[in-house]
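Working notes, structure below.
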């Protein structure tokens, strides 16, 4: 189940609760399970943040980003200028000396 399907399930459950077509205990079980899934996703995000490793195939899914290619890296009077190739153009980054 991805994050979109989880969200849809939770909103469907909420609607069924409003209409009275779902048992409160069943809705609570769905909510508890959803919370467990969300907690697992938070662990994935924390792991990626701390380790720098991208988790693939988990709850947090993302399309692979094309690798940037550095075209130019030059020193200027005030710092460094870097130009990267990205799909559809370039990105120029200026970093000032501290």
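The values are calculated or read from the model by the stated rules, or taken from the named source; none is laboratory data. Keep in mind that this is a model prediction, so the values were computed, not measured. All Cβ positions, even for glycine, are placed from backbone atoms using ideal geometry, and neighbour counts span all protein chains on display.
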Worksheet item: Among the numbered criteria (1) surrounded by 14 or more Cβ atoms within 10 Å (Cβ to Cβ); (2) more than 16 Å from the chain's Cα centre (by Cα), which single criterion is violated by residue 6?
Response: (2)
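For every residue, the table says whether it meets (1) at pLDDT 85 or above; (2) in contact with a strand residue (DSSP E or B) (Cβ under 7 Å, 6 or more places away or on another chain).
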residue	(1), (2)
17	yes, no
33	yes, no
36	yes, no
50	no, no
62	no, no
69	no, yes
96	yes, yes
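When you check residue 25 against the structure, is it modelled with pLDDT of 75 or more and more than 27 Å from residue 95 (Cβ to Cβ), yes or no?
Taking the combined requirement at face value, the residue satisfies it.
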Fill in: So residue 84, is it outside any loop (DSSP other than H, G, I, E, B) and modelled with pLDDT of 85 or more
no
